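The values are calculated or read from the model by the stated rules, or taken from the named source; none is laboratory data. A quick note: this is a predicted structure, and the numbers were derived from the prediction, not measured. Positions of Cβ are generated from backbone atoms using ideal geometry, with glycine treated the same way; all protein chains shown enter the neighbour counts. Please note that ligands, DNA and RNA were not included when accessible areas were found on the heavy atoms of the full protein model with its side chains. Shrake-Rupley method; radii C 1.70, N 1.55, O 1.52, S 1.80 Å.
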Amino acid sequence: MAYWIRTAPAATLALAGLVVASWLVLVSAAPVLAQTSSPTPTQTQVSRVLVEGRVVDAAGLPLAGALVGVNVFAQIPTTGVQSGADGSYSLPVLVGSRVIQAVLAGYTQLTVPTVNASGTTTSAPDLVLYTNDATVSGTVHDGSGGGSVSGALVVLGYEDGSDLVEAWSDANGVYKFAAVSGTYATVALAQFGGAYQERTRVTRPYSVTAGSTTVDLVLPRLSISGSPCMTSPCQMTISGDGYVPGEPVSLLLLVQSGQVNPPANIALGQTVPDSLGQIAGSWSFAASPASYQLQAVEDTVPYTPNPPDMAIISVGPYVVQAPAATPSPTSTAVPTSTATPTGTATPSSTPTSTPTYTPTATSTPVTVSTQIITFDDLSNPNRPLVGAYPGAGIDWGAGAWYLSGPTGQFATNSISFNGAGRTSAALRFSTPRRVIQMDVFNGGKKSSTISLSCPGQPIVQASLAANQLLTLITNWTGTCSTLGIESTNGSDTNFDSFGVIS
């Protein structure tokens, strides 16, 4: 059974499309990042509030061995403890509003309480886990009917858009996950990089029935030609497949970020997919010199930023070049005669060879190879950063992080938390690494407290004034498998230039 999954952005899914291309910028000899003019923060041991509560099942019976953590969305804890035999836990957290979640094999948590942590201890409502009674599986298909898609992500989400259950399609395009039967806020289907460019497909609400359910999903394609355009009006040919037959598709050229004196975006109009879900045609339009991105939106209301149900797919760039200046012709003097040399002088002496300096042998210093993760090779910023980047080195999860374009004192790409209410997130290293430093910018209107946590290492904390940029140095000597990052002003804080040592 094939379902056309139309798209609607969850609160934490940006509309600019998703693509993850990746590599690391390698440099040697730490330290790598220069200290900014801002003062170096003081690293301190941070006292935390103990949040106390219980993990129970739907009948109120205690559940032992559950991992309880702060913002454990997509089952990636920033910090965590296990519940005891009586279901109780005591979780140290920073002061402030904290989202608490529990993870236990065979169970799903459907509601996530927010706890205002203050004082020495704070009591939390019971964390209720429900037994998984449903299995959802299927195949992710290529929109052109050419086969299946591997590496696609299927996600069930909370009402606020945070990830609840996720599964990746395998080499045959097959995905499978266990869940609790019921109605969820969203289901998202995304694939990053490769032939599909960038896209997220979401629908809401999404019902999961008890037992085994098969839902085949479809990822569309989109392609353009006609770039670069040398003279306006420009001509663009657009083709695509895998769309909902008869569902209008709006076409918009978006000016890519980071350009000087950017022109306005250009609305190309609408097209309607045929009975096979295909779109094709050519568009002629006037455009100013710039680099654009084509966005195709399945939406009954064209270009509405947050409609209740929509699909967004983007490809690019489409480059419009300024006409080249025509040089003025210059006269060339024609020589009247050419003097013929009568002979070549032979040098009277032969130069001696220059001695080569041979340095005295010394012991070779051992350099430390440091990797700097800058995010600058990622295209189309201002979207969630999802999946593995760079390469398979770091797992950013499925919705906790946001890839930002130039902002404030960051002139290039950086990352922040995805969603206005999120104040912490985590990332996982494929192999343990030592985090030595990162650049932090507070783009908010008030000061912010930044905290870095690495199991087995002291918590690093620093305070940033509004509009302050600094290089946060950890002084850690051990490695991490998981790095937790918190900021009291949430997504107003951006991070860049992660320095790590394998």
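Listing for the model above:
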{"quantity": "Selection count, region 115-142, where residues are open to solvent by 10 Å² or more (accessible area, probe 1.4 Å), within 24 Å of Ala188 (Cβ to Cβ) and of a type in the set (Gly, Ala, Ser)", "calculated": "1"}
{"quantity": "Scan of region 451-484 for residues that are of a type in the set (Val, Ile, Thr) and more than 17 Å from Phe410 (Cα to Cα), ordered by number", "calculated": "Ile459, Val460, Ile473, Thr474, Thr477, Thr479, Thr482"}
{"quantity": "Residue check, Ala210 under 30 Å from Gly397 (Cβ atoms) and modelled with pLDDT of 90 or more", "calculated": "yes"}
{"quantity": "Residue under evaluation Ala400, criteria (1) closer than 20 Å to Arg48 by Cβ; (2) in contact (Cβ under 8 Å) with a residue 40 or more places away in the chain; (3) buried (at least 19 other Cβ atoms within 10 Å of the Cβ); (4) not polar (S, T, N, Q), criterion not met", "calculated": "(1)"}
{"quantity": "Residues located in region 221-264, provided they are farther than 18 Å from Ala322 by Cβ, touching a strand residue (DSSP E or B) at 6+ places or on another chain (Cβ under 9 Å), in contact (Cβ under 8 Å) with a residue 60 or more places away in the chain and not in a strand (DSSP E or B)", "calculated": "Gly242, Tyr243, Val244, Glu247"}
{"quantity": "Residue check, Thr488 of a type outside the set (Gly, Ala, Ser), within 24 Å of Gly80 (Cβ to Cβ) and in contact with a Pro (Cβ under 6 Å, 6 or more places away or on another chain)", "calculated": "no"}
{"quantity": "Region 166-177 residues that are closer than 27 Å to Leu110 by Cβ and open to solvent by 70 Å² or more (accessible area, probe 1.4 Å), paired with ones that are in a strand (DSSP E or B) and not small (Gly, Ala, Ser) (beta carbon under 7 Å, 6 or more apart)", "calculated": "Trp168/Leu153; Trp168/Tyr175; Lys176/Thr135"}
{"quantity": "Residue within region 405-425 that is touching a residue at least 12 places away in the same chain (Cβ under 8 Å), open to solvent by 10 Å² or more (accessible area, probe 1.4 Å), closer than 30 Å to Leu156 by Cβ and not in a loop (DSSP other than H, G, I, E, B) present", "calculated": "no"}
{"quantity": "Selection within region 283-324 - open to solvent by 40 Å² or more (accessible area, probe 1.4 Å) and modelled with pLDDT under 55", "calculated": "Thr300, Val301, Pro302, Tyr303, Thr304, Pro305, Asn306, Pro308"}
{"quantity": "Counted residues, region 83-95 - those being of a type outside the set (A, V, I, L, M, F, W, C), open to solvent by 20 Å² or more (accessible area, probe 1.4 Å) and in contact with a strand residue (DSSP E or B) (Cβ under 7 Å, 6 or more places away or on another chain)", "calculated": "4"}
